[in-house]
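Below is one structure, written out as structure tokens, with a few remarks after it.
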Amino acid sequence: MARSKKGGRKRGGTFADKTARLKRRFVAWAWSALVAIVLYFVGRYVVVDVYSASRAQRDSAEVAMLMDVKIPKGVDNMKVEYKGFTVYFNSQYHIPNCVVYELTGKETEGEFPRYKNFLTDEQIAGCANPWDYTHSGYTRGHMAPAADMKWDREAMKESFYMTNICPQKAALNSGGWNKLENKVRDWARRDSAIIVATGPILSSKMTTIGESRVAVPERFYKVVLAPFADPVRAVAFVYPNGSSKGAIKKYAVSVDEVEQLTGIDFFSGLDNEQYIESTVNLLQWELSGN
């Protein structure tokens, strides 16, 4: 007679065994889920970083192209690249033909203090000396403003090189010109980044100051492009070297008009360049009431 089995385990085991198995399965599932989540987010951020790097590289190349202004043939010109801006310098007149730079919204938040002294760039032929302006009746007017270079100590210092300076009447330098520079910083914050080109309007009638015979322009221009705005837009301004009362919009012109006055070609690689440079939309620049 077959002996009955006593004390053997029932199929499926005890309650404790079931609980242990469920616990092990849950832990394994949890670890698998955690690994999957980690891999997902790592992969996602890698893709985002690669995309961001690619976009930054593309944007950087585009900005470099747009900053490459073309000075007319026959005009004395030397291209000088500083950390925060590029000067197209005229050694004959001892002032720049044009100073161009990109200004981002983040850069306007820089905290480096204003440099204290103007400097001669000894490496640039024809660079004026700070004392050429002494008792001349003219101030040393920045083309790339020092306040736009406060994001970096070196850029701030280099903005005080005389290659970046033109003789300006105090009424312009601390008046309408300063008001326009403050507005430009507002646009950089609003549009994330802008390109600014600034300089004198040269003429054969210019007087001179100082031992270096620094030319004194009768007018100045500033050209502003928002290449990443939607829509892309540009505006320009022409100010007399003297009293500049009135709203900023009073001095607004098209980029085309500045090109005609200076012979300089701005933003030649810009898509839809002809329309953008010929159009002045004060509403886009928040100038309709200013």
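The values are calculated or read from the model by the stated rules, or taken from the named source; none is laboratory data. As the structure is a prediction and not an experimental result, all values here were calculated from the model. Using ideal geometry, Cβ is built from the backbone for each residue, glycine included, and neighbour counts are taken over all protein chains shown. In case anyone asks, the SASA skips ligands and DNA or RNA and just uses the protein heavy atoms, side chains included. Shrake-Rupley method; radii C 1.70, N 1.55, O 1.52, S 1.80 Å.
Just one of the listed residues (Ser254, Ser288, Ser243) is of a type in the set (Ser, Thr, Tyr), surrounded by fewer than 19 Cβ atoms within 10 Å (Cβ to Cβ), at pLDDT 95 or above and on the phi < 0 side of the Ramachandran plot, namely Ser254.
Contact annotation: residue pairs with Cβ atoms under 9 Å, 6 or more positions apart or on different chains, pairing a residue in region 187-211 that is among the aromatic types (Phe, Trp, Tyr) with a partner that is open to solvent by 40 Å² or more (accessible area, probe 1.4 Å) and at pLDDT below 95, are Trp187/Glu286.
Which of the following residues is part of a loop (DSSP other than H, G, I, E, B), closer than 22 Å to Ser203 by Cβ and open to solvent by less than 30 Å² (accessible area, probe 1.4 Å): Cys127, Cys166? Just one listed residue meets the conditions, Cys127. Quick check on my filter: what residues within region 111-124 are of a type in the set (A, V, I, L, M, F, W, C) and open to solvent by less than 30 Å² (accessible area, probe 1.4 Å)? Ile124, the sole residue that qualifies. Applying the set (1) open to solvent by 20 Å² or more (accessible area, probe 1.4 Å); (2) free of Cβ contacts under 8 Å to residues at least 60 places away in the same chain; (3) out of contact with any Gly (no Cβ under 6 Å at 6 or more places or on another chain) to Lys150 leaves exactly one unmet item: (3).
Could you please find all residues in region 153-163 being buried (at least 23 other Cβ atoms within 10 Å of the Cβ) and among the hydrophobic types (A, V, I, L, M, F, W, C)? Matches in region 153-163: Met162 only.
Would you please name the residue that is surrounded by the fewest Cβ atoms within 10 Å (Cβ to Cβ), looking only at residues in region 261-279 that are within 29 Å of Gly74 (Cβ to Cβ) and among the β-branched types (Val, Ile, Thr)? Checked region 261-279; the qualifying residue surrounded by the fewest Cβ atoms within 10 Å (Cβ to Cβ) is Ile276.
Return the only residue of Arg185, Arg189 being open to solvent by 60 Å² or more (accessible area, probe 1.4 Å), among the basic types (Lys, Arg), farther than 13 Å from Ser244 by Cα and in contact with a helix residue (DSSP H, G or I) (Cβ under 8 Å, 6 or more places away or on another chain).
Values: Arg185 fails: open to solvent by 60 Å² or more (accessible area, probe 1.4 Å).
Selected residue: Arg189, the only one of Arg185, Arg189 that is open to solvent by 60 Å² or more (accessible area, probe 1.4 Å), among the basic types (Lys, Arg), farther than 13 Å from Ser244 by Cα and in contact with a helix residue (DSSP H, G or I) (Cβ under 8 Å, 6 or more places away or on another chain).
Against the list (1) out of contact with any helix residue (DSSP H, G or I) (no Cβ under 9 Å at 6 or more places or on another chain); (2) under 23 Å from Arg219 (Cβ atoms), the condition Ala144 fails is (1). Residues being free of Cβ contacts under 8 Å to residues at least 60 places away in the same chain, among the hydrophobic types (A, V, I, L, M, F, W, C) and either open to solvent by 20 Å² or more (accessible area, probe 1.4 Å) or part of a strand (DSSP E or B) (or both) are represented in region 130-147 by at least one member.
In region 56-69 there is no residue that is at pLDDT below 95, more than 27 Å from Ala234 (Cβ to Cβ) and within 41 Å of the chain's Cα centre (by Cα). Only residues that are open to solvent by 10 Å² or more (accessible area, probe 1.4 Å) and modelled with pLDDT of 95 or more were counted in region 208-231, giving 8.
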